[in-house]
Structures are given as structure tokens and as C-alpha cells.
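Only the coordinates and a few stated rules stand behind these numbers; no lab work does. Just so it is clear, the model here is predicted, and its values are computed rather than measured.
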Amino acid sequence: MDIKSILKDINDELPQNTRLVAVSKFHPAEAIKEAYDAGQRIFGESKAQELEEKHKILPKDIEWHFIGHLQTNKVKYIAPYVSMIHAVDSYKLLEEINKQAAKHNRVINCLLEIHIAKEDSKFGLSIEECENILKSGKWKTLENISICGIMGMATNTDDNMIIENEFSTLQSLFKKLKAEFFCNDKNFNELSMGMSDDYRIAINHGSTLVRIGSKIFGIRNY
Ligand SMILES: *Cc1c(COP(=O)(O)O)cnc(C)c1O
């Protein structure tokens, strides 16, 4: 199937308040252009330098989402244009994003990454660490970032019960945080979860942003 038909099939499955992030990491600009020409506007990348190169040559109305682990020293490269950073996993990173966004007079949307998977290779905050960051209240002084929600990755497993449990945990946490810290903040609205193999489960648990790569662009050559 071509990219256009795959995008159509995925979009037909998504509820109205769920958006598709087409994860284009490791795929060439031509593939992104093909998806762009089919109407896709949100793309996800996980390396600052790769995003830089693609941003330079691709249409300027693309909404770039940074979905990978972001080192503080790389924030400055993407701050001028990145529209959302999905995997914020420390207060220090939030401060750096704020500082770099301020230089460009922008507000950058951020999601707090929660570690829920069983694998320990994955980055992210524990639920407790996330709550502690929010409880401290310091983030409220950061005027050039907006905390828009949380993001997580499920365990890479064939056992759907495990995935269900993890997405359900994220959904409950999202609701709890919204009630506790963001009840007057209409921006806190995003629950980023679901990838090629588990996005249907994620949708059933209220995902608002699914991050789908290989199903659209094929296997990646690392
Ligand atoms: C690579 C990646 C994806 C996309 O994974 P697929 O299985 O190819 O859909 C989603 N989210 C994150 C954080 C990723 O790094």
C-alpha cells in the first residue's frame, strides 16, 4: 500500500479528538513529502540533527514534534521552530526549553514523559517524580513553555493485558494531574500514547496523540 492509502486508513480509525503524529525518524525527506502531499502535517522526529536537516528543506507549515530523548545541550537547535516536545523527563530540561524558547519569543508545548513500561532501558519520570515536579509549583514561573499533558510508551510485548494496564495507568494519571494541577488550564489536554503495534489500545484509553512510524513508512534502517 502507498503512504497515502495507509494514512487514510489510520485517520479513518482515529476518534475526532485524536491526532496522528507521523513518526518519520530515519526516513528520508522524500517520504515525508509524500505524506505531506497526502495531507499529513504533524511529523515526529527523535534526533535534533536529523530534524534540523529535514526542517530546512521541507515545507514550513509542518508541525514538528520532538518525540525522543532530548539532551539539554540540543534544545537550542530545535527551539526556533519545534511545536511540541513529547519526552520531557526532568525539571532541568523544562527550564532549558523555557530559556531557549524565550530567545525566540515563543511558547513551546511540552509533555511530561512517564515511565510505565517494564523495560528499564526507557527514559521517563516515575509517577512520583512527575507529581513532585508539579507540586513544587516552580514550573508556573516558566513563561515560555506550556505543559500540555503527558506521554508514555507501553512495554514491547504481545500480551495485550499488560499494554491495557499501562495505558489505563497513564489515563488515570492524566485525569488526576488535570484535576489537581491544571483544572483552570485549557492547554493541559494531551495524552500522547500509542505506536504502530498498540495505537488501537491507546485510543480506547483516551489517547489524543498517537505516534505512528513503521506502519506508515515501513521498517527503519538504523
Ligand atoms: C520510534 C518511536 C515511535 C514510532 O514507533 P513505531 O513502532 O514505528 O510506530 C513512537 N514513539 C516514540 C517515542 C518513538 O521513539
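Pairs Lys103/Lys178; Lys92/Lys215; Lys54/Lys138; Lys47/Lys118: which are spaced more than 27 Å apart, C-alpha to C-alpha?
Lys103/Lys178; Lys92/Lys215; Lys54/Lys138
Output the relative contact order of the stretch 1-98, whole-number percent, from Cα pairs under 8 angstrom with separation of 6+ residues.
Answer for the stretch 1-98 is 22 percent.
Using θ = phi - 60° and the Karplus relation 6.51 cos²θ - 1.76 cosθ + 1.60, list the HN-Hα couplings for the stretch 211-220 in order, rounded to whole Hz, with x at every Gly or Pro.
Couplings: 10, 10, x, 4, 5, 8, 9, x, 5, 9 Hz.
When the helix-only estimate is applied to the chain (DSSP H runs of n ≥ 4, each -39,500 (n - 2.57), divided by the residue count), what is the mean residue ellipticity at 222 nm, nearest 500 deg cm²/dmol?
-11500 deg cm²/dmol
Using the Karplus curve 6.51 cos²θ - 1.76 cosθ + 1.60 with θ = phi - 60°, what ³J(HN,Hα) values do you get for each residue of the stretch 166-171, in whole Hz, with x for Gly and Pro?
Rounded to whole hertz, the list is 5, 5, 5, 4, 5, 5.
For the stretch 128-137, take each phi angle, set θ = phi - 60°, evaluate the Karplus expression 6.51 cos²θ - 1.76 cosθ + 1.60, and give the result in whole Hz per residue in order, putting x for glycine and proline.
5, 4, 4, 5, 5, 4, 5, 4, 4, x
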